[in-house]
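Reading through the structure tokens given below for one structure.
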Amino acid sequence: MAAVKSMNKLYGVCVHAARRTASRLFQHRAFRVGAVQRQQPFDSSLEKPQFPGASAEFVDHLEFIQPNVISGIPVYRVMDRQGNIIDPSQDPQLSKEQVLNFYQKMTLLNTMDRILYESQRQGRISFYMTNYGEEGTHIGSAAALDPEDIVFGQYREAGVLMYRGFPLDMFMAQCYANVDDLGKGRQMPVHYGSKDLNFVTISSPLATQIPQAAGAAYALKRENMNRAVICYFGEGAASEGDAHAGFNFSATLECPIIFFCRNNGYAISTPTNEQYRGDGIAARGPGYGMLSIRVDGNDVFAVYNATKEARRRAVAENQPFLIEAMTYRIGHHSTSDDSSAYRSVDEVNYWDKQDHPISRLRHYMTARNWWSEDDEKSWRKQSRKTVMEAFERAEKRLKPNIELMFTDVYQEMTPNLNKQRDAMWRHMKQYKEHYPFELFDKEPISQ
């Protein structure tokens, strides 16, 4: 009998707790109900659909919706290919100093790419991915953000991190996996990250950052922090299931996030006409209830304007935005790829010589007498010297302490990890002639 009374008491406590929880959840959800289309009261006398999943009218003829119901989405641009402003009302009216900063960051990224690409070809680093042709998407979007906004990158957004102030020495440290690397040498090259600059560390699996970014944006909204998230990805990543999950979560939870798709024409070797049948990535936005725009990714001003407005509204209205930046990947996918196997030299040369974001911005500056041929020669020489100095410093630095392979997962080393570490040291000491211990840092590490 006592046991029954105890169970009844426990049941009463649980029911009370459940009711309180439900009440809190209801109150929590109430803050966003005004932004959601409410279900209308059911009225059986009305001859219109009452289904809760969509809003539409009945029709009495059989017709399938055509796949091109959303097609031919225009490409927003500010400058033409000669750097002329098309509509003065769309000119962002940036100062000379701001525009020069754009140009110098874009060309510095280009110079760093060339040097690190060649260093991989010489066997000095293990891997590299260039950003050739996509510099405008990086700098234009990065400039439109607040420094406190959180960035989730894919693996071709080094310019965003550079614009935020990530030093050349740290780019080099990461690619060389030396003792200065913030990731402690555990990642392959170009997998950058910086907690101080709100740039989440890049990981190789494709599109995993998309639902992660949606979650981060929801957290910012819950904290009412007046910040946004921007999530970069390529059109190939948009074919992953993670993209669907991220888009849908961000729309239904009304998250302050910008999904920034770099549509550069190829998912490694797969061209866009083999990736999808719809009108690119921007056409998918309406299906998720997202505001979308397609921009000329080789026009740094168009990218800037679109990102700035999307960021403003994402924070003010708590809703996601999708930007599809049309651009072209001039370089190989990576140093593991030979793009001549699936595209022509003439195709690449067109984008490199006729429609490059760097040359377009240079035309704009030259027309305003903000940049001369002497300025170009001087800056190219100076930027190459700066990159080479950072390159040489990084190459001379020691590798991280070998013990770091086993840290930063558990607060205290587990017996299994201790066993693995002991086995590693026995092996390395037995075959020490194959392991250049003098190249590794030996400073004690804190657990």
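The values are calculated or read from the model by the stated rules, or taken from the named source; none is laboratory data. Just so you know, these numbers come straight off a predicted model, no measurement behind them. Methodologically, a virtual Cβ is constructed for each residue, glycine included, from the backbone with ideal geometry; neighbour enumeration extends over all protein chains shown. When the accessible area is computed, the model is the full protein with side chains, heavy atoms only, and any ligands, DNA or RNA have been set aside. Shrake-Rupley method; radii C 1.70, N 1.55, O 1.52, S 1.80 Å.
Of the residues His363, His333, the one with the largest accessible area comes first in the ranking His363, His333, computed with a 1.4 Å probe on protein heavy atoms. One chain, two ends: Arg380 and Ala245. Fully extended at 0.36 nm per residue, the span grows by 44.2 nm beyond their Cα-Cα distance.
Fully extending the segment from Arg393 to Asn273 would add 38.8 nm, taking 0.36 nm per residue of separation and subtracting the current Cα-Cα distance.
Pairs with C-alpha atoms separated by more than 23 Å, drawn from the list Lys105/Lys377; Lys184/Lys221; Lys221/Lys308; Lys105/Lys308, are Lys184/Lys221.
Comparing Pro211, Pro92, Pro400 in a Gaussian network model of the chain, where Cα atoms under 10 Å apart are tied by springs, the biggest mean-square fluctuation is seen for Pro92. Packing, as the average of other Cβ atoms within 10 Å across residues, places the peptides 307-318, 233-244 in the order 233-244, 307-318, highest first. One chain, two ends: Ser336 and His427. Fully extended at 0.36 nm per residue, the span grows by 29.6 nm beyond their Cα-Cα distance. Mean projected area of the Cα convex hull of region 105-179, taken over all directions, amounts to 5.2 nm². Here the Gaussian network model covers the chain, with springs between Cα atoms less than 10 Å apart; of Ala283, Ala219, Ala144, Ala219 fluctuates the most. Taken along the Cα-to-beta-carbon direction at a fixed 7 Å, the label points for Val75 and Asp60 span 4.6 nm. Among Asp279, Asp375, Asp338, the residue with the largest mean-square fluctuation in a Gaussian network model of the chain, with springs joining Cα atoms closer than 10 Å, is Asp375. Working ranking of peptides 384-390, 81-87 by packing, defined as the average number of other Cβ atoms within 10 Å per residue, highest first, is 384-390, 81-87. Note on the chain: helix-only mean residue ellipticity at 222 nm, from DSSP H runs of 4+ residues weighted -39500 (n - 2.57) and normalised by residue number, equals -13500 deg cm²/dmol. Which helices, counted as full DSSP H runs in the chain, have an axial Cα extent of no less than 24 Å and a Kyte-Doolittle average of 0.0 or above? Answer set is empty.
With every protein chain in place and a 1.4 angstrom probe, the accessible-area ranking of Glu395, Glu223, Glu403, largest first, reads Glu223, Glu395, Glu403. Kirkwood analysis of the Cα pair distances in the chain returns a hydrodynamic radius of 25.1 Å.
The Rg/Rh ratio of region 344-429, with both radii computed over alpha carbons and Rh defined as the Kirkwood radius, is 1.35. On the beta carbon distance between Asn68 and Val345, with R0 = 30 Å, the FRET formula returns roughly 0.35. Among the chymotrypsin sites (Phe, Trp or Tyr not before Pro) in region 341-380, those placed in a DSSP loop whose Cβ has at most 14 other Cβ atoms within 10 Å are Tyr342.
For Ile86 and Glu443, a Förster radius of 51 Å and the Cβ-Cβ distance give a FRET efficiency of 0.35, rounded to the nearest 0.05. Within region 279-427, the proportion of Cα pairs with more than 24 Å between them is 67 percent.
Residues in region 309-371 average 46 Å² of solvent-accessible surface per residue, probe 1.4 Å, ligands and nucleic acids excluded. Between the alpha-carbon centres of region 74-110 and region 210-244 there is a gap of 27 Å.
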